[in-house]
Amino acid sequence: MTTLVRGGMGILMMLGLVLATVGVGAAAGFPEKPITLVVHAGAGGGSDIFSRTLSAAFDKEKILPQPIVVENKRAGAAPSPLPT
C-alpha cells in the first residue's frame, strides 16, 4: 500500500472510533432506579437499624440522587441472602 492509502485508512479508523464514542456521553446517569440495599438479618436488628439510618441520612443530605430502599432477607442456613 502506498503512504497516501495508509494515511487515509488511519483517518477513517480514527473517525470511526470518535463516532463510536460520541454516544457514550449521551448515556443516562447511573443508576436510574432506586438502589436496593439487602440486609442479611430480620427487621429490627442492629443491621436493619443501621441500614435504615444510613438510607435516611443519604436521602436527607442528597448524597445520591436515587433513594436507597432497604430490603431484609433472612438467609437462614443459606450463606447469602442474594438471589440466585
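So the values come out like this:
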{"read-out": "Residue count for segment 37-54, restricted to those that are part of a loop (DSSP other than H, G, I, E, B) and either surrounded by 14 or more Cβ atoms within 10 Å (Cβ to Cβ) or among the aliphatic types (A, V, I, L, M) (or both)", "value": "4"}
{"read-out": "Filter pass, residue 64 being at pLDDT 90 or above, surrounded by 11 or more Cβ atoms within 10 Å (Cβ to Cβ) and not aromatic (Phe, Trp, Tyr)", "value": "no"}
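The values are calculated or read from the model by the stated rules, or taken from the named source; none is laboratory data. Because the structure is a prediction, the values reported are computed rather than measured. Neighbour counts are summed over all protein chains in view; Cβ atoms, including those assigned to glycine, are modelled from backbone coordinates with ideal geometry.
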